Amino acid sequence: MKRCGDTYTYTANDVDRLGLDEEDAGLKAGPCDLAPGHPGQHVVDVYLLEEPEKDDDYTYLLWGNEGSTVRVLPKCSTCQLPAGHTEANKCTHWATRCPAQVTLEDSDIRRLDDLPEAAHAVENPFACELEPGHTGRHSALGQSQDFDSTAQTLWWISWEPTGYEIVEGPDCEAVADPEDEDFAICRAVAGHPGAHSWI
């Protein structure tokens with residue numbers, strides 16, 4: 001789904017206000033996760049130095065003609081937007097993903113958590129990141145090892161009703177619009193069935 005495309009440029013004032021690094025001034029946040037023509041402010045979830053203490057809360061940047069604000073809010077259970085968003089404010093990715101979930105054994109959670117250069121904390125359950133009604137096995141990113149800007153190893157959870165496995169492999173390299181500097185990319189597993197995720 002095409003998204004709004006509006007971006008926010010961090011200013012020098014944002015460095016102190018948001019706890020950013022000084023070199024982040026001038027960088028862009030976004031594009032906005034809403035569909036084109038949406039009412040109200042633009043919105044995107046952002047990663048800041050001070051992350052929320054609650055695992056189900058996200059840090060959101062909202063902006064419009066009257067300025068910007070950062071709010072910590074619970075995330076919608078089916079998309080990237082804050083919980084309770086209206087139907088008019090539709091998210092452009094993950095809003096219609098497959099509802100299947102899988103719970104990993106504690107030993108596998110520890111295995112993914114303890115990988116060198118692990119990018120994030122691992123928590124159950126994992127939700128399938130493919131489109132509803134897809135063929136084949138379900139899939140979700142389990143962990144990313146980010147060694148540097150060019151070296152990354154991805155670990156995927158692949159499952160069906162009879163069980164799951166953890167496999168290493170690349171992500172999908174599809175892009176929505178290579179001519180657009182803010183193009184959306186697909187971050188599902190490489191070779192996935194069905195539509196791209198476009199995040």
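Structural remarks
- Qualifying residue in the stretch 25-46 (condition: modelled with pLDDT under 80 and loosely packed, with under 13 Cβ neighbours inside 10 Å): no
- Of the candidates 140, 151, 121, the single residue that is among the hydrophobic types (A, V, I, L, M, F, W, C) and farther than 16 Å from residue 169 by Cβ is 121.
- Output for the stretch 110-130, where each listed residue is open to solvent by less than 70 Å² (accessible area, probe 1.4 Å) and either not charged (D, E, K, R) or not in a helix (DSSP H, G or I) (or both): 112, 115, 118, 119, 122, 124, 125, 126, 127, 128, 129, 130
- Filtered residues of the stretch 62-85 (kept if more than 21 Å from residue 97 (Cα to Cα) and either open to solvent by 70 Å² or more (accessible area, probe 1.4 Å) or charged (D, E, K, R) (or both)): 65, 66, 71, 72
- Any hit, the stretch 99-109, residues being open to solvent by less than 40 Å² (accessible area, probe 1.4 Å), of a type in the set (A, V, I, L, M), part of a loop (DSSP other than H, G, I, E, B) and modelled with pLDDT of 80 or more: yes
- Residues satisfying the stated conditions in the stretch 167-192, i.e. at pLDDT 90 or above, open to solvent by 30 Å² or more (accessible area, probe 1.4 Å) and more than 18 Å from the chain's Cα centre (by Cα): 167, 168, 191
- Residue among 68, 139 that is modelled with pLDDT of 90 or more and part of a strand (DSSP E or B): 139
- Taken over the stretch 142-158, the residue count meeting the criterion of being of a type in the set (A, V, I, L, M, F, W, C) and either part of a loop (DSSP other than H, G, I, E, B) or modelled with pLDDT under 90 (or both) is 2.
The values are calculated or read from the model by the stated rules, or taken from the named source; none is laboratory data. Keep in mind the model is a prediction, meaning the values are calculated, not measured. No Cβ is skipped: glycine too gets one built from the backbone with ideal geometry, and neighbour counts run over all protein chains shown. Note: areas computed on protein heavy atoms with side chains; ligands, DNA, RNA excluded. Shrake-Rupley method; radii C 1.70, N 1.55, O 1.52, S 1.80 Å.
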